[in-house]
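See structure below.
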Amino acid sequence: MANQEITRRVHKLREEIRFNDHRYYVMDAPVIPDAEYDKLFRELQALEAQHPDLVTPDSPTQRVGGKVLDGFAPVRHAVAMLSIRTETDISDGGAIAFDARVRKELGLKDSDAPVEYACELKFDGLAINLRYERGVLVQAATRGDGETGEDVTQNVRHAIHQIPLSFEESYPSVVEVRGEVYMTRPDFECYNERQREHGLPTLVNPRNGAAGSIRQLDPALAARRPLSFFAYGLGEVQGDWKPETHKEILDQLDAWGFPVNGERRLKYGAQELVEFHRRIAAKRDSLPFDIDGVVYKVNSLALQAQLGFVSREPRWAVAHKFPAEEQITVVRDIDIQVGRTGKLTPVAKLEPVFVGGTTVSNATLHNEDETRRKDVRIGDTVIVRRAGDVIPEVVGVVLEKRPAEVGAPFDLFKLLHGHCPVCGSAIVREEGGANWRCTGGLFCPAQRRQVLLHFAGRRALDIEGLGDKLVEQLVDQQLVHTPADIYKLDLATLANLDRMGEKSAQNLLAAIAHSRQTTLARFIYALGIRNVGEATAKDLARHFGKLKNLLRADEGQLQQVADVGPVVAQSIVAFFAEQHNVDVIQALLDSGVAPRESEGEPEQYLPLAGKTFVLTGTLGIAREEAKEKLEVLGAKVAGSVSKKTNYVVAGAEAGSKLDKARELGVAVLDEQQFLALLESI
Ligand code: IVH
C-alpha cells in the first residue's frame with residue numbers, strides 16, 4: 001500500500017473500532033460479531049507496528065499494554081472538584097428543604113413559578129476528571145482532596161472501555177468531563193466468582209472494587225477488573241461552547257459518545273423532586289449498579305452562577321440519599337439454623353444495626369465454606385448488607401478491627417458435635433456441595449416448621465396470619481405435622497393458642513379456606529421440592545398443565561421443560577418417589593385444595609405461549625397482577641429487554657428498557673394497547 005493509502009486505512013479502522021466500541025461498551029448492543037471486531041483490531045495493530053509514526057495516543061490499540069507504575073503523579077485540578085451537600089433527612093423532607101433554600105436564595109415568592117431541576121442518580125463509585133484537548137483524552141485524574149488528585153490516565157485507558165479516547169465533531173479546545181467510575185453488580189459478581197475459583201481474595205463490594213482497580217499500579221491487573229463510567233458534569237472548558245443548562249451539557253456529552261445515565265429527568269418544584277426520589281428508591285434494587293441516592297441540580301447555569309458556593313459546596317445541588325445498604329457492626333455469636341430441607345445455615349447474631357431501612361440483628365453467613373473464606377469469627381467487626389427484600393448478609397470482616405480475644409476459625413461440625421441442634425440427628429456434608437444437612441427429615445421439628453412456613457408463604461399458598469410464632473406452636477404442640485393438617489384445624493384449637501383470640505382465629509380460618517383456591521404453579525412451589533423455585537414451578541405448571549401429568553413425568557420428560565436440567569429433574573422425581581409426599585398431596589386434594597389446572601392444554605396451546613413480555617414504567621394496574629394475567633395466558637414475563645423480547649409494555653416514566661426496546665426494534669405497547677390485547681384474547 002502507498003503511504004497515503006495506509007494512513008487512510010488506519011483512520012478508517014480506528015473509526016470503525018471506535019464505533020463498535022461504543023455499540024458494545026456504552027450501548028450494550030453490538031452490531032458485529034466478536035471475531036469480526038478482533039480482525040479489525042489486529043489489522044490496526046499490525047499497521048501501527050509497521051508504521052510507528054502513525055500511532056496516536058487516542059488509537060484504540062493504546063488501551064492494551066502499558067507499564068507497571070511505581071506510583072501516581074499528582075495532578076492539580078484546573079477547576080476544583082467540589083463535593084455536594086448531603087441532605088440528612090432521607091425522607092421527603094430532604095427534597096422540600098432543598099427547594100425551600102434555593103427559592104429563598106433566589107428571592108422567589110410563593111407565587112413565582114417552580115424552579116426547574118435536573119434530577120439524576122447518585123452513583124456509588126468514585127469521582128474522576130477526564131481532560132480532553134482538541135477532542136483527545138490527555139489525562140484522567142482522581143478527585144483526591146478536591147484541589148489535587150492522582151494521575152490515573154493509564155488505568156482509565158486500560159480498564160474503562162466506556163470512556164472515549166477521543167471524540168469527533170466540533171469540540172471546544174479544552175473540555176474536562178467529570179463523572180463517576182463504578183463497577184456493575186454483574187461485573188463484581190463475575191470477578192469474585194473467578195477469584196474464588198482460583199482461591200484468591202474477593203472484593204467486599206463494587207465500590208471498593210472500583211476504587212482498588214483505578215489505583216492499581218499494574219495496568220494489566222486493573223484491566224482484569226472491568227469498570228464502567230457515567231458522566232455527570234464538567235470541569236474546565238475553553239473554546240466557544242456555551243451551554244445554558246445542565247441538561248444541555250449532559251445531552252451534548254451523550255452525543256459525543258460518553259455514557260450518560262438514561263434515568264435523568266427535568267422536574268419542577270419540591271413535590272416533583274419527592275416523586276423522583278420515591279420512584280428511584282423503588283427501582284434501586286433492580287438497577288445493575290449501586291446508587292446511594294439521587295442528586296438534584298438547578299438546571300439553569302445562570303441561576304447556578306447566581307446561587308454560587310458556600311464552604312466548597314454548591315448551593316445549587318444537593319445529594320438526597322437513601323438509607324445505606326451496608327453498615328459496620330459486631331458479631332456477638334454464630335447460630336446454626338435448620339432449613340426446610342435440613343440445610344444447616346450459619347447465622348451471625350449481631351449488635352443491632354440500622355441498615356437498608358430497618359434494624360438488623362441477624363445476618364446470614366450462607367454456609368461453612370463462605371464463613372471460612374471470609375474468616376468471620378465471634379467478636380469480629382463485619383460489614384453487613386441489606387438490599388431491598390434480600391435477607392441481610394455478612395459481606396466481609398474489617399480485619400483491622402479484629403480484637404485480640406477473637407473466637408476460633410469457624411468449624412460447623414465441631415460446633416455442633418456432629419448433631420442437629422434441634423432434633424439431635426446426625427449431620428452430613430453434601431457430596432460435592434458446600435452444605436451440611438440434618439438427616440432428621442420431617443422428624444426434625446425445625447424442618448417441619450420451615451416446610452409449613454414455606455407452604456403458607458406469600459408466594460406459595462399465601463395463608464395470611466400463619467407466621468413464625470404460630471407455626472412454632474402448632475408444631476411444638478403436635479397439632480400440625482404436614483401441610484395437609486392445616487386444613488383440619490378448627491376454631492377452638494386455634495383460639496386456645498398463645499396470643500390468639502377468637503377474632504384472629506376466625507381470620508386465620510378464613511385465610512386457610514381462601515387458600516384452597518390457588519394456581520397450579522403456586523401449589524407446585526408450595527410443595528417445597530428441592531431446587532424448584534417459583535420460576536421453575538411456573539414453567540412446570542405451564543408445561544404439564546395438570547398435576548397428574550407432572551406426577552407421572554420421568555426425568556427425560558421433565559428435562560423438556562425450559563430451564564429444567566438433570567439436577568432439577570432428579571430432585572422432582574425423587575420427591576414424588578417418596579410415598580410420604582404423595583400421601584400429603586392426596587390429603588391436600590382431599591381436604592379441598594384445588595389448584596387451577598389448565599383444561600388439558602399444555603402450554604403450547606395457550607394463546608400467548610412462547611411470547612416474552614417485559615413490563616416497565618408505572619402501570620395503572622399492579623405489576624404483579626399484570627404479570628399473573630400474562631402468565632395465565634402462557635406468556636413469559638422477563639426482567640430485561642433483549643432480542644428475544646416480543647413486547648415491551650411501557651407505563652408512565654418508562655426509562656432505559658423502553659429505550660432499549662426502540663433500539664432493538666421490539667414492539668412497544670402502551671397501557672391501553674396492552675389492556676386491549678388482554679381483552680381480545
Ligand atoms: S455532581 C459540584 N452528580 O457524589 C457538584 N456527583 O459529593 C459535583 N456523585 O464524590 C458533583 N453521582 O463523585 C454529582 N449524578 C451525580 C453524582 C455525583 C455520584 C458523587 C461524586 C462526589 C459525590 C458528591
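The values are calculated or read from the model by the stated rules, or taken from the named source; none is laboratory data. None of these values were measured; they are calculated from a predicted model. Positions of Cβ are backbone-derived with ideal geometry, glycine not excepted, and every protein chain shown enters the neighbour counts. Accessible surface areas use protein heavy atoms only, side chains included; no ligands, DNA or RNA. Shrake-Rupley method; radii C 1.70, N 1.55, O 1.52, S 1.80 Å.
For K538, the lysines whose Cα falls under 16 Å of its own Cα, not counting residues fewer than eight places away in the same chain, are K546, K548, K611, K627, K629, K636.
Computed over protein heavy atoms with a 1.4 angstrom probe, the accessible surface ordering of H246, H580, H11, largest first, is H11, H580, H246. Gain on full extension, evaluated as 0.36 nm per residue between Q271 and I621 minus their Cα-Cα distance, stands at 123.7 nm. Amide H to amide H distances under 5 Å link Q337 with T345, V347, where only residues 5 or more positions off or on other chains count and H is placed in the peptide plane. Taking segment 479-523 and a reference point 7 angstrom along Cα→Cβ of A594, the backbone N atoms nearer than 14 Å belong to 513-520. Remark: the D659-H198 segment gains 162.1 nm on full extension, using 0.36 nm per residue and subtracting the alpha carbon distance. Note on L108 and V390: with the Förster distance fixed at 41 Å, the Cβ-Cβ geometry gives a FRET efficiency of about 0.45. Could you list the residues of segment 613-640 with an amide nitrogen less than 17 Å from a label point located 7 Å from the Cα of Q673 in the Cα-to-C-beta direction? Under 17 Å, as judged by backbone N against the label point of Q673, lie 613-620 of segment 613-640.
Taking R0 as 25 Å, what's the FRET efficiency between T358 and Q586 from their Cβ-Cβ distance, rounded to 0.05?
0.05
Each Lys and Arg adds +1 at its Cβ and each Asp and Glu adds -1 at its Cβ; summed about the Cα centre, segment 139-293 shows a dipole of about 580 debye.
Rolling a 1.4 Å probe over the protein chains gives V64 an accessible area of about 80 Å². Calculated on C-alpha atoms, the gyration radius of segment 536-681 divided by its Kirkwood radius gives an Rg/Rh of 1.05. Say each of R23 and K401 gets a label point 7 Å from the Cα, pointing the same way as Cα to Cβ; how far apart are those two points in nm? Between R23 and K401, the simple spin-label model gives 4.9 nm.
Take the Cβ atoms of E36 and A302, set R0 to 51 Å, and the FRET efficiency comes out at 0.60. Model label points for R76 and D462, set 7 angstrom from Cα along the Cα-to-Cβ axis, are 6.6 nm apart.
A Cβ-based charge dipole, computed about the Cα centre of the chain with Lys and Arg at +1 and Asp and Glu at -1, lands at about 420 debye.
In order along segment 287-300, the phi-based Karplus estimate (6.51 cos²θ - 1.76 cosθ + 1.60, θ = phi - 60°) of 3J(HN,Hα) comes to 6, x, 9, 7, 10, 10, x, 10, 10, 10, 10, 4, 6, 6 Hz; Gly and Pro are listed as x. Expressed as a whole percent, the accessible surface of the chain that belongs to carbon and sulfur atoms is 50, based on a 1.4 Å probe.
The heavy atoms of W316 offer some 50 square angstrom of accessible surface to a 1.4 angstrom probe. Of all aspartates and glutamates in the structure, those lying under 12 Å Cα to Cα from K469, and not within fewer than 8 positions of it along the same chain, are D498. The alpha-carbon of K401 sits under 18 angstrom from the alpha-carbons of these aspartates and glutamates, leaving out residues fewer than 8 places away in its chain: E326, D333, E351, D375, D380. Note that segment 211-222 has calculated 3J(HN,Hα) couplings of 5, x, 5, 5, 9, 7, 6, 9, x, 5, 6, 4 Hz, one per residue in order, obtained from phi through the Karplus relation 6.51 cos²θ - 1.76 cosθ + 1.60 (θ = phi - 60°); glycine and proline are x.
Shown for the chain: cysteine residues without a partner Cβ closer than 4.7 Å, namely C119, C190.
Below 8 Å, C-alpha to C-alpha, sequence gap of six or more: please give me the relative contact order for the chain in percent.
Normalised by residue count, the contact order of the chain is 9 percent.
Put K283, K401 in order of accessible area, highest first, and with a 1.4 Å probe you get K401, K283. Residue separation of S173 and Q506 scaled by 0.36 nm, minus their Cα-Cα distance, works out to 112.2 nm of gained length. Taken along its three principal axes, the alpha carbon spread of the chain comes to 85, 67, 66 Å, from the longest extent down to the shortest. For segment 633-677, the solvent-accessible area works out to 52 Å² per residue, with a probe of 1.4 Å and every protein chain left in place. Exposure check, 1.4 Å probe, all protein chains in place: M81 carries approximately 10 Å² of accessible surface.
Both the radius of gyration and Dmax for segment 456-505 are 10.5, 28 Å, in that order, over alpha-carbon atoms.
Take the Cα of D218, go 7 Å toward its beta carbon, and the backbone nitrogen atoms of segment 159-187 under 17 Å from that spot belong to 159. With distances taken between every two different alpha-carbon atoms, segment 345-448 has a Kirkwood hydrodynamic radius of 15.0 Å. With 26 Å as the limit, the listed pairs K12/K67; K242/K267; K39/K644 have K12/K67; K39/K644 beyond it between alpha carbons.
Close amide H pairs (under 5 Å, H built 1.01 Å from N) link V138 with R131, Y132, E133, residues at least 5 positions away or on another chain.
Dividing the summed -39500 (n - 2.57) terms of all DSSP H runs of n ≥ 4 by the residue count of the chain sets its mean residue ellipticity at 222 nm at -10500 deg cm²/dmol. The label-point distance for K644 and D554, in a model that sets each label 7 Å from Cα toward Cβ, rounds to 2.8 nm. Taking amide H as placed 1.01 Å from N in the peptide plane, G235 has its amide H under 5 Å from the amide H of E176, V177, R178, each at least 5 places away in sequence or on another chain.
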